[in-house]
Structures are given as structure tokens and as C-alpha cells.
Amino acid sequence: MTIAAFALQLIAVYDEVYGRLHTVVSILFFIALTAASLAYSVEKRSKLALAAFVVSIAAWALYWNGTYRAGVAVPETVSALAGSAWVVKDVVESLVEHNRLAGSKGK
């Protein structure tokens, strides 16, 4: 996930004006996010992360297969939202657990 986060920052630094460099860092981001989804699904037995992995692979496969011609923004959006789902869920669960533990220490 660290690589995906760093690659996302690189996408912001090297926007479309930078041409090929933007494409390279974008590809790095989506590969890293998809790999992180798979790794998290195995490590944490997360069905949501596994679904994100499958949805991301499917979105990109359909795009590269030419199944639709809506542009690259579609698989980018689909895979980013799918990856975001398990990341947000994990953060919320971690915060709830932290607050629960912090509350029990004060009693």
C-alpha cells in the first residue's frame, strides 16, 4: 500500500502535462493498488479487498479488450473506487477500535 500511496502522490506531481511520465506513474499506481488489494485480501481474509481486486482486474481487462470505448477514465475510476472501499473500511474499523481501547483505559 505504501507504493500505491507514493505513486498516487507522483500522479499529482506529474500530471497530464508531463505526458509519458504521467502514464508511467499512473500505471504504477493502479498495479500497486490492485496488488495491495490482493495482498490485503489474503492477509486479512477480506472479502471486500478480494472484490476490489476482481473488480479492478475486470475493469482493466474490459478496457484493454476493447469491450467499451468510454476512455481510460472509466477503469481508473472503477479501480480507484474499489480499492478505496476496503481502505476506508479498514481505517474506520481501526479508529473505532482505537477509540474503544482509549475509552476502556479511562475507566
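FYI, it's all coordinate maths here, none of it is from the lab. Computed from a prediction, not measured in an experiment: that's the story for all the values here. As a convention, Cβ positions derive from the backbone with ideal geometry for all residues, glycine included, and neighbour counts pool all protein chains shown.
Okay, here's what the table says:
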{"item": "Neighbours by Cβ (under 8 Å, 6+ apart or cross-chain): first from segment 14-38, in a helix (DSSP H, G or I); second of a type in the set (S, T, N, Q)", "result": "Phe30/Ser56; Phe30/Ser79; Leu33/Ser56; Leu33/Ser79; Thr34/Ser56; Thr34/Ser79; Ser37/Ser56"}
{"item": "Enumeration of residues in segment 39-53 that are free of Cβ contacts under 8 Å to residues at least 40 places away in the same chain, surrounded by fewer than 19 Cβ atoms within 10 Å (Cβ to Cβ) and touching a Ser or Thr at 6+ places or on another chain (Cβ under 9 Å)", "result": "Lys47, Leu50, Ala51"}
{"item": "Filter result (farther than 11 Å from Ala85 by Cβ and among the aliphatic types (A, V, I, L, M)) within segment 44-74", "result": "Leu50, Val54, Ile57, Ala58, Ala59, Ala61, Leu62, Ala70, Val72, Ala73, Val74"}
{"item": "Number of positions in segment 54-76 that are assigned to a helix (DSSP H, G or I) and exposed (fewer than 12 other Cβ atoms within 10 Å of the Cβ)", "result": "4"}
{"item": "Those residues of segment 10-43 which are within 15 Å of the chain's Cα centre (by Cα), within 15 Å of Val87 (Cβ to Cβ) and not aliphatic (A, V, I, L, M), in sequence order", "result": "Phe29, Phe30, Thr34, Ser37, Tyr40, Ser41"}
